[in-house]
Amino acid sequence: MEEKVIIQAESFKLEGLLMKGHNAKGVIVTHPHPLYGGDMYNSVVASAIRVGQQSGYTTLRFNFRGVGASQGQHANGFGEQDDVKAALNYLAGLGLQSVDVVGYSFGAWVNAHLACQMADIGSMVMISPPVAFMPFSKTLALPCLSCVIAGGRDEIGPADMIASCMSQWNADAQLHVIKGADHFYSGCLNEMEAVLSAQLSDSAAA
């Protein structure tokens, strides 16, 4: 069962949910846009957390600044990068061997722009990066990116737009398009979980 934890980020605190796993790896899952109702209880986030737990990871999800009981104010995705850094530091303090990151929608954008600065991310999975909604850096290179999951009917993260970014982000990363899935994976969460499970299982075995 997940336990409530407090993560120190800059001068304020973030609320999170942690569950310790049986292997030496951790995974952080970041949530969709706070200004559109996104938080750590989002159904896609919860599904990703469940996959991490089933794969033996120590899992951590948290509310970005200004969301729920997390202190601070929304910072347009830039301050939120420091929130992810704080979460990485929190898991590092538990003595984990390495930490993967999974981001959904806005959370994928935040993780992607942080990864350019961070050397201690094991691997990254982006779920529905919002390429039609938020600008991604034109120089964004993601050597730690292993997989992008997209919906075939997603208008916020259109699969064709994502496909055109893959060679820039990481030509070796895989793109999995789930036919019929919209941005919220309505009726398609099982398919998303299956793809993510294969990715995390491969990472855990590495």
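The values are calculated or read from the model by the stated rules, or taken from the named source; none is laboratory data. For clarity, every value in this text was computed on a predicted model and none was experimentally measured. In this analysis, Cβ positions are derived from the backbone assuming ideal geometry, glycine residues included, and neighbour counts consider all displayed protein chains.
Screening residue 187 against (1) crowded, with 19+ Cβ neighbours inside 10 Å; (2) on the phi > 0 side of the Ramachandran plot leaves a single unmet condition, (1).
Filter the stretch 153-183 down to the residues that are without any contact (Cβ under 8 Å) to a residue 12 or more places away in the chain and within 17 Å of the chain's Cα centre (by Cα) and list them by number. Hits for the stretch 153-183: nothing passes. Taken across the stretch 59-69, residues that are at pLDDT below 95 and either aromatic (Phe, Trp, Tyr) or closer than 24 Å to residue 122 by Cα (or both) do not occur at all. When 92, 205, 132 are checked against the criterion of being modelled with pLDDT of 95 or more and surrounded by fewer than 23 Cβ atoms within 10 Å (Cβ to Cβ), a single residue qualifies: 132. The residue of the stretch 37-53 that is surrounded by the most Cβ atoms within 10 Å (Cβ to Cβ), among those that are touching a residue at least 24 places away in the same chain (Cβ under 8 Å) and out of contact with any Asp or Glu (no Cβ under 9 Å at 6 or more places or on another chain), is 44.
State which residue is nearest to residue 205 (Cα to Cα) when the search covers only the stretch 8-19 and only residues that are in contact (Cβ under 8 Å) with a residue 40 or more places away in the chain and surrounded by fewer than 21 Cβ atoms within 10 Å (Cβ to Cβ). So the residue we want is 19. The residue pairs whose first member lies in the stretch 125-152 and is farther than 24 Å from residue 75 by Cα, whose second member is among the basic types (Lys, Arg), and whose beta carbons are closer than 8 Å, counting only pairs six or more residues apart or on different chains, are 152/179.
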